[in-house]
Amino acid sequence: EAGVVQSPRYKIIEKKQPVAFWCNPISGHNTLYWYLQNLGQGPELLIRYENEEAVDDSQLPKDRFSAERLKGVDSTLKIQPAELGDSAVYLCASSSGGRDEQFFGPGTRLTVL
Amino acid sequence: LAKTTQPISMDSYEGQEVNITCSHNNIATNDYITWYQQFPSQGPRFIIQGYKTKVTNEVASLFIPADRKSSTLSLPRVSLSDTAVYYCLVGGRLDTGRRALTFGSGTRLQVQP
């Protein structure tokens, strides 16, 4: 069974440019998470979806970040415009329930110059 | 939000038992405690999950006291491949009733030969 797929694995952009990350969760998992992880720190939840509904986006900086999960399957996280402080690893995870084991993708490492 | 506190780092030797404690004073009544392991350049990987008392699987044990304000991950007979960062994850209910997921700061375990 395929795991959580994320693309791209690496992205380098200049500040003020837009960027998008894509995630395809494990088939059948209705819960999808986006996390941000800075170097040396634990993942921080940005948004959690239950099917198509964003049930927890309290930590998402809505002035520049947006996310969507059309049809309740794959998801896209966008930053526009990117700032230097957005350089981090963006992790996607999925699970089959709110408390169930989360399966993480390899992450996208974003560098903003 | 439920805040967690873990030791920043721990050192051990191959074959020893390692116990990592996580403090989570504000854990909600119906929240579970989950531990993850993360290697460099990879997403976190589920180790074990529990609600109270003791849980054991093929790789670890999780001890949770009656007040549930802390938990201890126990790794029996560690090997070099157990060198990683270990995260404690709990869910905290926001005032609005929505759940938030919080990773701890992580404990960097270094296993020496």
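The values are calculated or read from the model by the stated rules, or taken from the named source; none is laboratory data. Given the structure is predicted, the values throughout are model-derived calculations rather than measurements. Every residue, glycine as well, gets a Cβ built from its backbone with ideal geometry; the counts of neighbours run over all protein chains shown. Heads up: the accessible areas ignore ligands, DNA and RNA and are worked out on the full protein's heavy atoms, side chains in. Shrake-Rupley method; radii C 1.70, N 1.55, O 1.52, S 1.80 Å.
Miscellaneous remarks
- Checking each residue in segment A:20-35 for being assigned to a strand (DSSP E or B), more than 11 Å from A:CYS92 (Cβ to Cβ) and open to solvent by 10 Å² or more (accessible area, probe 1.4 Å) picks out only A:ALA20.
- Residue ID - farthest from the chain's Cα centre (by Cα), chosen from residues in segment B:3-49 that are at the interface with chain A (Cβ under 9 Å from one of its Cβ atoms) and of a type in the set (D, E, K, R): B:ASP31
- Failed condition for A:PHE65, given (1) open to solvent by less than 30 Å² (accessible area, probe 1.4 Å); (2) more than 14 Å from the chain's Cα centre (by Cα); (3) away from every other protein chain (no Cβ under 14 Å): (2)
- Applying the condition of being part of a loop (DSSP other than H, G, I, E, B) and more than 11 Å from chain B (Cβ to nearest Cβ) to segment A:39-53 and asking which residue is farthest from B:TYR36 (Cα to Cα) yields A:GLU52.
- Taken over segment B:20-63, the criterion of being β-branched (Val, Ile, Thr), in a strand (DSSP E or B) and over 19 Å from B:ARG77 (Cα atoms) is satisfied by B:ILE33, B:THR34, B:THR53.
- Any hit, segment B:80-97, residues being more than 11 Å from chain A (Cβ to nearest Cβ), assigned to a strand (DSSP E or B) and at pLDDT 95 or above: yes
- Within segment A:69-84, being modelled with pLDDT of 95 or more and not in a loop (DSSP other than H, G, I, E, B) holds for A:SER75, A:THR76, A:LEU77, A:LYS78, A:ILE79, A:LEU84.
- Each residue in segment B:71-90 was checked for being more than 8 Å from the chain's Cα centre (by Cα), open to solvent by less than 40 Å² (accessible area, probe 1.4 Å) and within 30 Å of B:ASN30 (Cα to Cα), and 5 pass.
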